[in-house]
Amino acid sequence: MPSNAPIGVFDSGLGGLSVLQAVRALLPHESLLYVADSRFAPYGERPDAFIEQRSLAIGRWLRERGAKALVVACNTATAHGVAALRADAPWPVIGVEPGIKPAAAVSAHGVIGVLATAATLRSARFADLLARHTAQGQRFLCQPGHGLVERIEAGDVDSPEVTALLERFIEPMVSQGADTLVLGCTHYPFLIPAIQRRFGTTLSLIDTGAAIARQLQRRLDTGALNAPCLPDARGGLQLFTTANASALQTMADRLLPNAPRVQTVDVADIVDIAEIASSGPASRNPPPDLPIISA
């Protein structure tokens, strides 16, 4: 794979732009291909097998367009698809996961809230993450953020409806002593201003975008895949979506200087997932051993 090949980045929708922004800041000389699978957003209410199959389809689509590495800029797709992506081809695949480890390190009182999608919270990968990084005496209060991704996909990050959802989900954590909040979905950093307006400095907010960019840099270094870093050179950027180009364009124009025009594409399924999709949304019941707050 040539070192000047692009890096693929994908999410179920707009949320991965928060990761893309961090990657662009750290690695401005790298070219990037971003795919928002907005036709099927949000992934958090989808069956696990559906999420895995869409992740594989998008990974293969990006490889066909010459991507040398892949950033799965979606906690839900990482939880249910990153293992299959890594088994599918020998290329660097960087996933994202809720910032449990940094939250455990910074929490003063050992009570930490986790706001994430239902699919992330029910995954075995998340359960293992908690088990590995929870110190004795710490408590993690896990809350599915039902409805938040849909609001953000519609371009709404600060309406009264969003504020009401944040109040409903976060206030029970604060009332139980939480001093730290893990933003366990790449969409949620767009809600930081709204969270801070409502809760002020009560909570330390944990976002992992910069850490993901650093991990990508390490993997490129290890594989000698870095693009040439020339003075004043900036890598190219292409933005793709499977639906709702206007929403992605609006958010990209807000976050990325000189954002290119969004292209609508059809990423074909690897298998017929109509039957998977028709099985309905995945269960909202969390694993019984996780301390879930039901708002």
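Here the alpha carbons of region 38-108 define both size measures, Rg and Dmax, at 13.7, 47 Å. Its DSSP H runs of at least 4 residues, each contributing -39,500 (n - 2.57), put the calculated 222 nm mean residue ellipticity of the chain at -12000 deg cm²/dmol, to the nearest 500. Need one word for region 100-206: rounded, prolate or oblate. Basis is the Cα gyration tensor (sqrt eigenvalues a ≥ b ≥ c); a/c below 1.5 gives rounded, then a/b vs b/c decides. Taking the square roots of the gyration eigenvalues as a ≥ b ≥ c, region 100-206 is oblate. Which FRET efficiency, nearest 0.05, do residue 168 and residue 26 yield, Cβ-Cβ r, R0 35 Å? Once rounded, the FRET efficiency stands at 0.50. Once C-alpha pairs closer than 8 Å and six or more residues apart are averaged by separation and normalised to the residue number of the chain, the relative contact order reads 30 percent.
Working from the Cα coordinates of region 1-51, the gyration tensor eigenvalues give, after taking √(5λ), semi-axes of 25, 13, 8 Å in decreasing order. Peptides 8-19, 38-49, ordered by how many other C-beta atoms sit within 10 Å of their residues on average, highest first, read 8-19, 38-49.
Looking at the chain alone, DSSP beta bridges between its own residues are antiparallel in about 0 percent of cases. Overall size of region 164-240 from C-alpha positions, given as principal axis extents largest first: 51, 25, 23 Å. Placing R0 at 25 angstrom, the Cβ-Cβ distance between residue 230 and residue 1 gives a FRET efficiency of 0.80 after rounding to 0.05. Between amide H atoms placed 1.01 Å from N, distances below 5 Å from residue 66 occur with no residue 5 or more places distant or on a separate chain. Once the Cβ-Cβ distance of residue 63 and residue 109 is raised to the sixth power relative to R0 = 51 Å, the FRET efficiency obtained is 0.65.
Per the Kirkwood formula applied to alpha carbons, the chain shows a radius of gyration over Rh ratio, Rg over Rh, of 0.95.
Readers should treat all values here as calculations from the given coordinates under stated rules, not as data from a laboratory. This one's a predicted model, so the numbers in the text were calculated from it and none came from an experiment. Because the Cβ atoms are built from the backbone with ideal geometry, glycine has one as well, and the counts that use them run over all protein chains shown.
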